[in-house]
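Report on one structure; see the data block that follows.
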Amino acid sequence: MAMLEAVTDAPSLAHDEVNASAPHPVTGYRSFKLGAFELSRDEYFARITWPAKGQTRSHLIPADAFLRAMMRDVAWGFFYGWVNFDHVIGTHNHYGNVDLYAGTFNGVLKAAEVNYTENFETPLIMATFKAILRDWTNAVFDPFAAPQETETAFGRKKGDNIEAIERFRIATKRMPGLKDDSPLRDDLPVNRHFADVNQDEPEVHAADGFEGQLHAFSLFKYLSRSDVTWNPSVSSVCQASLFCPTTEEFILPVFHGNDRVEWFLQMSDVIVWDVADKDDGNPRARITMRPGDICAMPADIRHQGYSTKRSMLMVWENATPNLPQRYESGELTPYPIEF
Ligand code: PHB
Ligand code: FE
């Protein structure tokens, strides 16, 4: 996504510092060291190890879930706040440097003091994550695609899919379809779940003297042709107000931990959200959003969404500078409305 592309375009010098092993003689996959973390994969699982209380601790994540989560973390430039790959592993963006953690935002592991956090300069962790994605994604697996639209992530190393993992650089400056801005998606097919979406574009009739200054496009048509899932792309920019619509199918591959309030508008179909405490993961709420529903996600929670049929969601982000500090200091309450 284009949300934080300045961060994703990290200097490539860090590439030289990526600590990768030779390919494993049986599986073909490389292992990676990042500080005291070690990341490896086999035919089914990504394995992450870290030191805590004098021992090496480990955690397994199914390879498909891991690659889907890492794809989002890389494409979003570590996003706003926390990107939890699951209930144990995740990243915390400090905008310039990034924490990688294991168990630190899991109430039980934290209390048992078997958690671990290490901070990295953004270019190094980005280069390492990109190298892992390149090495661990096989030719037939697309980590952005819905499960029914890709083949398996499992098995031994077989080719790569660079085209799929590099396709995230849609950088809308103002609106898609404007001159010198991101293209409309006329070259992409309508998704199977959106066959009923009207494909007409609006007619623009400018008054005399305003020719070339007005623009409009059909957002429903645009979204019906999205070939990726769970990837909010900036589609209008008005100062700090970013509209980031996205199409959703199956499960959001991460639990996003907010460092600001964000708003969801359900544009079509249904998404169910699990909402949990940001710090320890304890469940807080479950929300079913139907077309037209609007929901504010507070600044102190994590959330993960489920969508059986491909759906359209508008994510409204606030890019006002210093919001995390203003929430942390208590100047702003974590929810936008006092009921
Ligand atoms: C979010 O964290 O708010 C989010 C992320 C990806 C999506 C939708 C929402 O596709
Ligand atoms: Fe979020």
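The values are calculated or read from the model by the stated rules, or taken from the named source; none is laboratory data. Since we're looking at a predicted model, the values are computed, not measured. Here Cβ is always computed from backbone atoms with ideal geometry, including for glycine, and neighbour counts include all displayed protein chains. Ligands, DNA and RNA are stripped out before the accessible areas are found, and what is left, the full protein with its side chains, is counted by its heavy atoms. Shrake-Rupley method; radii C 1.70, N 1.55, O 1.52, S 1.80 Å.
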Report summary line: Sparse-neighbourhood loop hits (trypsin sites (Lys or Arg not before Pro), region 279-339; DSSP loop; Cβ within 10 Å at most 12 others) -> none
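TYR222: net charge of surrounding residues, Cβ under 11 Å, Lys/Arg +1, Asp/Glu -1, itself excluded? Please report the intermediate quantities before stating the final value.
On the way: positive: ARG185, LYS221, ARG225; negative: ASP186, GLU201.
Once positives and negatives cancel, what remains is +1.
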**Report entry** Neighbour net charge for ASP274 - beta-carbon separation under 12 angstrom, K R +1, D E -1
**Finding:** +2
**Report entry** Most fluctuating residue given options GLU203, GLU262, GLU151, as computed from a GNM of the chain linking Cα atoms under 10 Å
**Finding:** GLU203
Report task. Can you tell me the FRET efficiency between ASP181 and ASP280 if r is taken as the Cβ-Cβ distance and R0 is 56 Å, rounded to the nearest 0.05? Result -> 0.85
Report summary line: Here, GluC sites (Glu not before Pro) of region 30-126 satisfying both criteria (DSSP loop; at most 15 other Cβ within 10 Å) are GLU43, GLU113
Requested in this report: Considering Cα pairs under 8 angstrom that are at least six residues apart, work out the relative contact order of region 185-263 and quote it in whole percent.
Outcome: 25
Report task. Could you tell me which of ASN19, THR56, TYR95 has its Cα farthest along the dipole of region 4-165 towards the positive end, charges placed at Cβ (Lys, Arg +1; Asp, Glu -1), taken about the Cα centre? Result -> THR56
Requested in this report: Starting from the Cα of LYS221, draw a straight line to each of the lysines and keep only those under 25 Å, dropping any in the same chain fewer than 8 residues away.
Outcome: LYS173, LYS179, LYS309
Query - region 4-165: Lys pairs at Cα distance under 21 angstrom, eight or more positions apart or on different chains - result: 6
Requested in this report: Mind putting a number on the dipole of the chain about its Cα centre? Charges go on the C-beta only, +1 for Lys and Arg and -1 for Asp and Glu, and I need it in Debye to the nearest 20.
Outcome: 860
Requested in this report: Take the Cα atoms of the chain, find their three principal axes, and give me the spread along each one in whole Å, biggest first.
Outcome: 74, 50, 38
Query raised in the report: Roughly how many Å is it from the Cα centre of region 20-45 to that of region 214-237, as a whole number?
Result: 37
Report summary line: At q = 0.15 1/Å the base-10 log of I(q)/I(0) from the Debye formula over the alpha-carbon atoms of region 105-230 is -0.95
Query raised in the report: So which residue, out of ASP73, ASP293, ASP259, gets the largest mean-square fluctuation from a GNM of the chain using Cα contacts under 10 Å as springs?
Result: ASP293
Query - the chain - mean residue ellipticity at 222 nm from DSSP helices (-39,500 (n - 2.57) per run, n ≥ 4, rounded to 500) - result: -4000 deg cm²/dmol
Query - GNM result for the chain, Cα springs below 10 Å: residue of GLY103, GLY35, GLY81 fluctuating most strongly - result: GLY35
Query raised in the report: What is the projected area of the convex hull of the Cα atoms of region 4-165, averaged over all directions, in nm²?
Result: 9.5
Query raised in the report: Which length gain, in nm to one decimal place, applies between GLU118 and ALA319 when the Cα-Cα distance is subtracted from 0.36 nm times their residue separation?
Result: 69.7 nm
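For region 136-288, which whole percent of the accessible surface, found with a 1.4 angstrom probe, sits on carbon and sulfur atoms?
Numbers: 4230 of 7840 Å².
Taking all protein chains in place, region 136-288 shows 54 percent carbon and sulfur surface.
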**Report entry** Mean Cα-pair separation over length for region 204-339, i.e. relative contact order, pairs under 8 Å, 6 or more apart, %
**Finding:** 28
Query raised in the report: So what is the accessible area of the chain per residue, in Å², with the probe set to 1.4 Å?
Result: 48
**Report entry** Net +/- balance of residues flanking LEU100 in space, Cβ distance below 11 Å, scoring K and R +1, D and E -1
**Finding:** -3
